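Enquirer: For reference, the structure I am asking about is given below.
The values are calculated or read from the model by the stated rules, or taken from the named source; none is laboratory data. Keep in mind it's a predicted model, so treat the numbers as computed, not measured. Reconstructed Cβ throughout: ideal geometry from the backbone, glycine too, with neighbour counts over all protein chains shown. Protein only, heavy atoms only, side chains kept; ligands, DNA and RNA dropped before computing areas. Shrake-Rupley method; radii C 1.70, N 1.55, O 1.52, S 1.80 Å.
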Amino acid sequence: MLKKNFVGVIAVLLILSLSVIAVAQEKVEITVASDTVGKSYELALEAAEMYEKDHPNVDVKILDTPRLANDRLNLYLQYFEAKSSKVDVYQIDVIWPGDLAEHFVDLYQYGADQIVDQHFPALVKNNTVDGRLIAMPFQLGSGLLYYRTDLLEKYNLEVPQTWDQLEKAAEIIMKGERADNNKDFWGFVFQGDNYEGLTCNALEWVYSNDGGTIISKDRKITINNPNTIKMIEKAAGWVGTIAPVGVTSMAEEDARNIWQSGNAAFMRNWPYAYSLSVGEDSAVKGKFGISPLPAGKGGSRAATAGGWHMGVSKYSKNPEIAADVAFFMASYEVQKLRAVKGSFNPTIKSLYEDEDVLAANPFFESLYDVFVTAIPRPSTATAPNYTEVSKYFSEAVHSVLTGKEDAQTAIRYLEYDLMDVTGFETGQPQKY
Ligand code: GLC
C-alpha cells in the first residue's frame with residue numbers, strides 16, 4: 001500500500017515538474033552581446049528589463065563581453081565560426097559591418113524600413129552592405145579632448161588649439177603639479193595600447209596633420225607620407241614625457257581612471273567618459289571641459305568616428321524576436337536612457353534636440369559638428385579586410401611609440417603590408 005502511494009506521489013511530482021518545464025520553455029530567450037565600457041552594461045540590463053516588462057514571454061539575457069574591441073571581435077568570431085545560436089543580437093563596432101556582413105540577417109526583412117529613417121543617413125549607409133541592413137544604428141561617438149579648467153586657470157593657460165600647444169600646456173601643468181607634491185600627475189593620457197583604440201587615436205593625429213586616412217575612399221594606400229611620419233614621431237615623443245610610459249598599454253578605461261582620479265591635465269577619450277567624470281565619486285567633477293581635439297601643422301582637426309550598432313545573427317533560432325529586441329535597444333526610448341545616464345551619443349537625430357538629453361550632456365549641443373563631421377576609419381574601402389588593415393596600422397604606430405622602430409621605417413613596412421593585404425596601389429593623402 002505504502003509503496004503504491006509512494007509511486008503515485010512520484011508520478012504526480014514528475015507530471016508537475018514537467019509542466020513547469022513546459023511553461024518555462026514557452027519563454028523565448030534572446031541573448032544580446034553587449035559592450036561593457038563605462039555604464040554600457042548596466043544600461044543594457046536596464047533596457048532588457050524594460051523590454052521584458054512589455055514582452056513577458058521573452059527573456060532578454062545580456063552577455064558581457066571583453067572591453068577591448070579586438071578581444072570582443074575575437075569572441076564574436078568564435079561564435080560565428082561555430083554557427084552558434086547562443087547569441088542572437090550582437091552589438092557591433094561601426095567598422096565591422098563590411099567584414100562581418102555574412103553572419104547577419106538583413107534587417108530590412110524584419111521591418112527596419114519603418115524605423116531606419118530616424119537615424120543619421122551616413123550610419124545607415126555605413127551599416128548597409130550590398131543593399132542589406134546589417135545592423136541598426138545604436139550609438140555614435142567621436143574622439144574628444146577632456147581638459148582641466150581649474151588647472152588651465154591656475155597656470156594661466158588657454159584650451160590648446162594645436163598639438164604643439166597641448167604639449168606645452170601639459171608640460172607646464174605637469175611640472176607645477178609634481179612640484180606641488182603630486183608625483184603621480186601626468187600631462188596627457190590617451191589610448192596607446194596596440195589595438196583598435198590606438199588606430200582611432202593615431203588616425204586623429206595623422207589626419208589632423210594632413211596625412212590622410214591610411215587608405216583613401218577611392219582605395220589608395222596613402223599612409224606613407226612626410227606629414228604622417230612627422231606626427232607619429234611627435235606622438236612618440238609624448239611617451240615618458242607628458243604621458244606615462246604605460247600609456248602604450250592603455251585602453252579607454254585605463255586612461256579614464258587616471259583622469260577621473262584627478263591625475264591628468266588632458267585626456268583623449270569618447271563621450272561616455274563624461275557621465276562618469278561628473279559622477280559623485282569623480283575627483284574632476286566640476287573641474288573640466290570638453291573640446292575638439294587639437295589641430296596639426298596646417299590647422300586641420302580630426303575626431304575619429306566611433307560607435308556601435310545592433311545586428312541580428314544569421315544563426316539565431318528566433319531572428320524575428322531578436323530583430324524586435326535589436327530595434328528596441330536602438331529605439332528612441334533606450335537611446336535616450338543611454339544618453340541621459342551614460343552620455344552615449346544617440347544615432348537618432350531628433351534626440352539632439354531633446355531637452356533631457358541636452359541638459360544631461362550640454363556638449364552634445366556645443367560639439368554637435370564634431371560628431372557629424374567625424375572621420376571614418378577606412379572600413380568600407382577595405383572590407384572585408386579592415387580588421388587586418390587596422391591591426392597592421394596599430395602595430396606599426398605602437399612599435400614607434402614603444403621605441404622599437406623609427407617612424408619612417410615602420411610606416412614604410414606598413415605600406416608594404418597594406419599592399420599585401422588589400423592589393424591596392426599607393427596614392428596621395430586626401431581630405432575626407
Ligand atoms: C569605441 C568606439 C569604437 C572603437 C573603439 C576602439 O568603443 O565607439 O568605434 O572601435 O572605441 O577602442
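Enquirer: Which residue out of Y352, Y392, Y386, Y368 is within 22 Å of Y207 (Cα to Cα) and in contact with a Phe, Trp or Tyr (Cβ under 7 Å, 6 or more places away or on another chain)?
Expert: Values: Y352 fails: within 22 Å of Y207 (Cα to Cα); Y392 fails: in contact with a Phe, Trp or Tyr (Cβ under 7 Å, 6 or more places away or on another chain); Y386 fails: in contact with a Phe, Trp or Tyr (Cβ under 7 Å, 6 or more places away or on another chain).
When all the criteria are applied, what remains is Y368.
Enquirer: Would a scan of the range 346-353 turn up a residue that is of a type in the set (F, W, Y) and more than 16 Å from the ligand (Cβ to nearest atom)?
Expert: As a first pass, look at the range 346-353 and keep what is of a type in the set (F, W, Y): 352.
From the residues that got through so far, the ones that are more than 16 Å from the ligand (Cβ to nearest atom) too are 352.
Scanning the range 346-353 turns up at least one residue that is of a type in the set (F, W, Y) and more than 16 Å from the ligand (Cβ to nearest atom).
Enquirer: Could you look through the range 317-355, keep only residues that are among the acidic types (D, E) and in a helix (DSSP H, G or I), and pick out the one that is least open to solvent (accessible area, probe 1.4 Å)?
Expert: First pass over the range 317-355, keeping only residues among the acidic types (D, E): 320, 324, 333, 353-355.
From what is left, the residues that are in a helix (DSSP H, G or I) are 320, 324, 333, 353, 355.
Details: E320: 136, D324: 67, E333: 106, E353: 149, E355: 151 Å².
Checking each candidate, the answer is D324.
Enquirer: Being farther than 21 Å from L68 by Cα, within 26 Å of the chain's Cα centre (by Cα), modelled with pLDDT of 95 or more and small (G, A, S), is that true of even one residue in the range 134-154?
Expert: Checked against the condition, which is being farther than 21 Å from L68 by Cα, within 26 Å of the chain's Cα centre (by Cα), modelled with pLDDT of 95 or more and small (G, A, S), the range 134-154 yields no hits at all.
Enquirer: Let me ask you something else. Any residue that is assigned to a strand (DSSP E or B), of a type outside the set (K, R) and open to solvent by less than 10 Å² (accessible area, probe 1.4 Å) - is there at least one of those in the range 267-275?
Expert: The initial filter retains those residues of the range 267-275 that are assigned to a strand (DSSP E or B), namely 267-269.
Those still in the list that are of a type outside the set (K, R) too: 267, 269.
Among the residues that remain, those that are also open to solvent by less than 10 Å² (accessible area, probe 1.4 Å) are: 267, 269.
Yes, the conditions are met somewhere in the range 267-275.
Enquirer: Quick check: anything in the range 191-204 away from the ligand (no atom under 15 Å from the Cβ) and open to solvent by 20 Å² or more (accessible area, probe 1.4 Å)?
Expert: The first filter runs over the range 191-204 and keeps only residues away from the ligand (no atom under 15 Å from the Cβ), leaving none.
No, that holds for no residue.
Enquirer: Next up: For the range 135-158, what are the residues that are part of a strand (DSSP E or B) and either within 13 Å of the ligand (Cβ to nearest atom) or on the phi > 0 side of the Ramachandran plot (or both)?
Expert: Looking only at the range 135-158, we keep the residues that are part of a strand (DSSP E or B), and these are 136-142, 144-148.
Scanning the range 135-158 gives P137, F138, Q139, L140, G141, S142, L144.
Enquirer: Does any residue in the range 295-322 that is within 25 Å of S142 (Cα to Cα) and basic (K, R) come within less than 8 Å, Cβ to Cβ, of a residue that is within 16 Å of the ligand (Cβ to nearest atom) and open to solvent by less than 10 Å² (accessible area, probe 1.4 Å) six or more places away or on a different chain, and which pairs are these?
Expert: R301/L293
Enquirer: Among the numbered conditions (1) of a type in the set (D, E); (2) within 25 Å of the chain's Cα centre (by Cα); (3) closer than 30 Å to M267 by Cβ, tell me where E102 comes up short.
Expert: Every condition holds for E102 apart from (3).
Enquirer: Let me ask you something else. Can you pull out every residue in the range 175-186 that is under 29 Å from the mean Cα position of the chain (by Cα) and surrounded by fewer than 24 Cβ atoms within 10 Å (Cβ to Cβ)? Show your work before the answer.
Expert: Within the range 175-186, the first condition is being under 29 Å from the mean Cα position of the chain (by Cα), and the residues that meet it are 184-186.
Hits for the range 175-186 are D184, F185.
Enquirer: Under 7 Å by Cβ, and 6 or more places apart or on different chains, what pairs join a residue from the range 80-104 that is in contact (Cβ under 8 Å) with a residue 40 or more places away in the chain and within 18 Å of A44 (Cβ to Cβ) with one that is away from the ligand (no atom under 16 Å from the Cβ) and not in a strand (DSSP E or B)?
Expert: Listed pairs, sorted by first residue: K86/Y79; V87/Y79; D88/S316; D88/N318; D88/A322; V89/A322; V89/V325; V89/A326.
Enquirer: Here's a follow-up. Please tell me if R377 is in contact (Cβ under 8 Å) with a residue 12 or more places away in the chain, within 17 Å of I221 (Cβ to Cβ) and not in a helix (DSSP H, G or I). Can you show your working first?
Expert: On the way: in contact (Cβ under 8 Å) with a residue 12 or more places away in the chain: yes; within 17 Å of I221 (Cβ to Cβ): yes; not in a helix (DSSP H, G or I): yes.
So R377 fits the description; yes.
Enquirer: Please find, within the range 83-106, the residue that is farthest from the ligand (Cβ to nearest atom) out of those that are open to solvent by less than 10 Å² (accessible area, probe 1.4 Å) and more than 20 Å from V389 (Cα to Cα).
Expert: Looking at the filtered set, the residue picked out is D88.
For (1) modelled with pLDDT of 95 or more; (2) more than 25 Å from the chain's Cα centre (by Cα); (3) open to solvent by less than 10 Å² (accessible area, probe 1.4 Å); (4) farther than 17 Å from A235 by Cβ, each residue gets a yes or a no:
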| residue | (1), (2), (3), (4) |
| --- | --- |
| V389 | yes, no, yes, yes |
| Y392 | yes, no, no, yes |
| S399 | yes, no, no, no |
| Y413 | yes, yes, no, yes |
| Q428 | yes, yes, no, yes |
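Enquirer: S261 passes all but one of (1) over 18 Å from L401 (Cα atoms); (2) in contact with a Gly (Cβ under 6 Å, 6 or more places away or on another chain); (3) more than 16 Å from the ligand (Cβ to nearest atom); which number fails?
Expert: (2) is the only condition that S261 fails.
Enquirer: Among the residues of the range 156-170, is there at least one that is touching a helix residue (DSSP H, G or I) at 6+ places or on another chain (Cβ under 6 Å) and more than 29 Å from R72 (Cβ to Cβ)? Working first, answer last.
Expert: To start, the set of residues in the range 156-170 that are touching a helix residue (DSSP H, G or I) at 6+ places or on another chain (Cβ under 6 Å) comprises 157, 160.
From the residues that got through so far, the ones that are more than 29 Å from R72 (Cβ to Cβ) too are 157, 160.
So far as the range 156-170 goes, yes, one or more of its residues are touching a helix residue (DSSP H, G or I) at 6+ places or on another chain (Cβ under 6 Å) and more than 29 Å from R72 (Cβ to Cβ).
Enquirer: The conditions are (1) closer than 30 Å to S291 by Cα; (2) among the aliphatic types (A, V, I, L, M); (3) touching a helix residue (DSSP H, G or I) at 6+ places or on another chain (Cβ under 7 Å), and L145 fails exactly one of them. Which is it?
Expert: Condition not satisfied by L145: (3).
Enquirer: In the range 357-387, what residues are in contact with a Lys or Arg (Cβ under 7 Å, 6 or more places away or on another chain) and either of a type in the set (V, I, T) or open to solvent by 20 Å² or more (accessible area, probe 1.4 Å) (or both)?
Expert: V357
Enquirer: For the range 240-252, how many residues are more than 23 Å from the chain's Cα centre (by Cα) and open to solvent by 20 Å² or more (accessible area, probe 1.4 Å)?
Expert: 3
Each row is one residue, and each column tells you yes or no for (1) in a strand (DSSP E or B); (2) more than 14 Å from the ligand (Cβ to nearest atom); (3) open to solvent by less than 40 Å² (accessible area, probe 1.4 Å); (4) touching a Phe, Trp or Tyr at 6+ places or on another chain (Cβ under 6 Å).
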{"position": "T228", "(1), (2), (3), (4)": "no, yes, yes, no"}
{"position": "K234", "(1), (2), (3), (4)": "no, yes, no, no"}
{"position": "D254", "(1), (2), (3), (4)": "no, no, no, no"}
{"position": "D281", "(1), (2), (3), (4)": "no, yes, no, no"}
{"position": "S300", "(1), (2), (3), (4)": "no, yes, yes, no"}
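Enquirer: Considering the range 119-134 alone, what residues qualify as being of a type outside the set (V, I, T) and farther than 10 Å from Y108 by Cα?
Expert: As a first pass, look at the range 119-134 and keep what is of a type outside the set (V, I, T): 119-123, 125-127, 130-133.
Passing the criteria: H119, F120, P121, A122, L123, K125, N126, N127, D130.
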